[in-house]
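Okay, so here's the structure we're looking at.
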Amino acid sequence: MIKMKRFVIFGNTYQRDDTNDVKALLEYLRQHGLDIAVEREYLDYLGYGNSDGIASFEASEVPEADMALSLGGDGTFLTTAMWVSRQGMPILGINLGRLGYLTTGHLDENRKVIDEVLAGNYRIEERTMLQVECDQVDIPHPWALNEVAILRHDTSSMLDMETRLRSHILTTYRGDGLIVSTPTGSTAYNMSVGGPILEPTTSCLVLSPISPHSLTMRPLVVRDDSIIVVRTHTRATHYEVSIDGEVTLCPTGSTLTINRADHCARVVQLAGNNFASTLRQKLLWGTDKR
């Protein structure tokens, strides 16, 4: 077991006002002798000043730490993964929002979660991430833990997406868009368009068309070492590429190359957490609750 010495902390500034509870959590960490550093914008939101003795950092310059703490929902977790995954830093998610599918615990039980982590009662799951490149546009944050989605932009015109899989012609998807999802993201946008749910540590990806204009186009599961190349045409001048919700405009006729990133997201799971229980508790899997 690695003795924890330092946490870096990310949060968001647009959910309900939990600042007092968050401050109590930060104080609890400090009482355990832990060094903490908080992302600057979030530290300002919490109302801390220079005299409070808490270090801050810019999201683009994350200091070294034993673990990253994500305080928020799934969006905050994805943002945290974007900034820290290349360092190999484990991410512990504590939910301040509603569903919090990616998070490990809720703010109401934060002390229990921290105690379990400090006692070493956790494991780290390595989750596949995607990397995307465009031949005509520089994408500032090209890594995704959930998905890369090709979408229409300000038009009702259909997209034509010529798709190759491992250099072989696959098909031309015609419709509103195409999602390339990781197993982690299979319960996100992919699930909403009828794609399969995958256990998050499996070694595969899913291609799921959005509102396809053909009954023969169905979600497809492929190996996660696949290189997926998509050239997109539309009557509009641009289309959107959404990378875990971060949108880049790409010109029509441009080509995207999507493949497994050379790093993964390291997600902290408490000892009692598992895929089956998460499905039951957060997605009400197999229940008749209304």
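Tell me, what is the percent relative contact order of the chain, built from C-alpha pairs under 8 Å that lie six or more residues apart? Each step should come with its number before you reach the end.
Numbers: 626 pairs, mean separation 53.7, N = 290.
Here the relative contact order equals 19 percent.
Rg and Dmax of region 1-148, both derived from C-alpha coordinates alone, stand at 15.4, 51 Å.
Counting every other Cβ atom within 10 Å of each residue's Cβ, 107, 220 order from fewest to most as 220, 107. Orientation-averaged projection of the chain equals 16.5 nm² [convex hull of Cα atoms, one quarter of hull surface area].
In deg cm²/dmol, rounded to 500, what helix-only [θ] at 222 nm does the chain give when every DSSP H run of at least 4 residues adds -39500 (n - 2.57) and the total is split over its residues?
Details: 6 runs with 53 residues, N = 290.
Computed mean residue ellipticity for the chain: -5000 deg cm²/dmol.
Of 32, 106, how do they rank once you tally other Cβ atoms within 10 Å and put the fewest first?
Working: 32 11, 106 14.
Lowest to highest Cβ neighbour count: 32, 106.
Taking the empirical scaling 2.2 N^0.38 Å for compact globular proteins as reference, region 19-62 has a Cα radius of gyration ratio of 1.11.
At most 12 other Cβ atoms within 10 Å and a DSSP loop assignment: could you name the trypsin sites (Lys or Arg not before Pro) in region 198-266 that fit?
On the way: sites: 223, 231, 235, 260, 266; in loops: 235.
Passing sites in region 198-266 are 235.
Semi-axis lengths, largest first, of the ellipsoid equivalent to region 142-290 are 28, 17, 14 Å, with √(5λ) applied to each eigenvalue of the Cα gyration tensor.
Coordinate-derived values only; no laboratory data. If you're wondering where the values come from, they're calculated on a predicted model, not measured in any experiment. Counting neighbours? That spans all protein chains shown, and the Cβs are built from the backbone with ideal geometry, glycine included.
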